[in-house]
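Asker: Let me begin by handing over the structure; questions about it come next.
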Amino acid sequence: YSKIIILGPCHYAAVKDLAILTNYQSIQTPIGTSNILSDDVDKLIKHPLFEIEDKFHKAEHSIQMQIPVLQYLCPKTPILPIIFGSLSGESSKEIANQITQIIDDKTLIIASSDFTHYGDNFDFVPFTDRSKGTVREQIESHDMNAINPILANDISSYQDFIRTEDHTICGCYAIEVLMQLCKNNQTKFKLCDYK
């Protein structure tokens, strides 16, 4: 890959209609150091939907957890971490349009997200009716309500789900931006695994 773009949620601040970049020059882990694509940051920051806020990136595990694996698999490939709070459909589309200008056919794009966060700690315990299956079965069914539109490359149905359904998909807007990036081509999606 020529570059790796990592899209993830902003867990630690309420951010609306912004893509958050970083001024960091590199990110170091025990496995190695990944250089940040500073030239791409300079290009994107010219657009009003992009801002730089290092303190949000410093603690953001959704991005950080991807980096050691990428350093192992692609040790020399520079990265561009971008985090999001909530996005309108128009903002996600425009952010994707801006990202399109910095990608090529050797760019890897990763959207980092969990799906259902179930339990009292997340204030999300809707699956109490055992006649509809076990909690685990109901969580999987609920997750598939988001996964199936992704697999169908159906951004409209995905947007309807994340904006109208009660869900806890932390990276739902990172996924939406990735879908926007894939919207106008013949991208085929495949579910490789579900746990």
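The values are calculated or read from the model by the stated rules, or taken from the named source; none is laboratory data. Quick caveat: nothing in here was measured; it's all calculated off a predicted structure. All Cβ positions, glycine included, derive from the backbone under ideal geometry; neighbour counts span all protein chains shown. Calculation scope for accessible area: heavy atoms of the full protein, side chains included, ligands and nucleic acids excluded. Shrake-Rupley method; radii C 1.70, N 1.55, O 1.52, S 1.80 Å.
Asker: Gain in length, Glu90 to Ser38, computed as 0.36 nm per residue apart minus the alpha-carbon separation, to one decimal in nm?
Answerer: Details: separation 52, 0.36 × 52 = 18.72 nm, distance 2.60 nm.
That pair, Glu90 and Ser38, stretches by 16.1 nm at full extension.
Asker: Report, for the chain, the % of DSSP beta bridges that are antiparallel, rounded to 5. Don't jump to the answer; show the numbers that get you there.
Answerer: On the way: 7 of 23 bridges.
That works out to approximately 30 percent antiparallel.
Asker: Counting only protein chains, not ligands or nucleic acids, how are Tyr24, Tyr173, Tyr158 ordered by accessible area (probe 1.4 Å), most first? Intermediate results must be reported in sequence, preceding the final value.
Answerer: Details: Tyr24 70, Tyr173 40, Tyr158 0 Å².
Largest to smallest exposure gives the sequence Tyr24, Tyr173, Tyr158.
Asker: Separate question: Helix-derived [θ] at 222 nm for the chain: sum -39500 (n - 2.57) over DSSP H runs of at least 4, divide by residue count, nearest 500? Before the final figure, lay out the partial values.
Answerer: Details: 8 runs with 73 residues, N = 195.
Dividing the helical sum by the residues of the chain leaves -10500 deg cm²/dmol.
Asker: Only Lys, Arg, Asp and Glu count, each charged at its Cβ (+1, +1, -1, -1), so figure out the dipole size of segment 6-105 about its Cα centre, rounded to 20 debye.
Answerer: Numbers: 7 positive and 12 negative charges, 49 e Å.
Using Cβ point charges on Lys, Arg, Asp and Glu, segment 6-105 gives about 240 debye.
Asker: Nearest 0.05, what FRET efficiency do Gln186 and Asn97 give at R0 = 25 Å with Cβ-Cβ as r?
Answerer: Numbers: r = 19 Å, r/R0 = 0.74.
That gives a FRET efficiency of 0.85.
Asker: So, with +1 on the Cβ of K and R and -1 on the Cβ of D and E, and no other charges, what is the size of the charge dipole of the chain about its Cα centre, to the nearest 20 debye? Walk me through the numbers before you get to the answer.
Answerer: Values: 17 positive and 25 negative charges, 103 e Å.
That gives a dipole near 500 debye.
Asker: Then there is this: Multiply the residue gap between Val135 and Lys195 by 0.36 nm, knock off their C-alpha separation, and tell me the result in nm, one decimal place. The partial results should precede the final answer.
Answerer: Working: separation 60, 0.36 × 60 = 21.60 nm, distance 1.39 nm.
20.2 nm is the gain from fully extending Val135 to Lys195.
Asker: Let me ask another. Rank Glu176, Glu90, Glu51 by mean-square fluctuation in a GNM of the chain with C-alpha springs under 10 angstrom and give only the top-ranked residue.
Answerer: For the chain, modelled as a Gaussian network with Cα springs under 10 Å, the answer is Glu90.
Asker: Per the 1.4 Å probe, what fraction of the accessible area of the chain, in percent, lies on carbon and sulfur atoms?
Answerer: Details: 5310 of 10770 Å².
Of all accessible area on the chain, carbon and sulfur atoms account for 49 percent.
Asker: Taking the Cα centre of segment 115-195 as origin, work out the dipole magnitude from +1 charges on Lys and Arg Cβ and -1 charges on Asp and Glu Cβ, in debye rounded to 20.
Answerer: On the way: 8 positive and 12 negative charges, 70 e Å.
Dipole of segment 115-195, to the nearest 20 debye: 340 debye.
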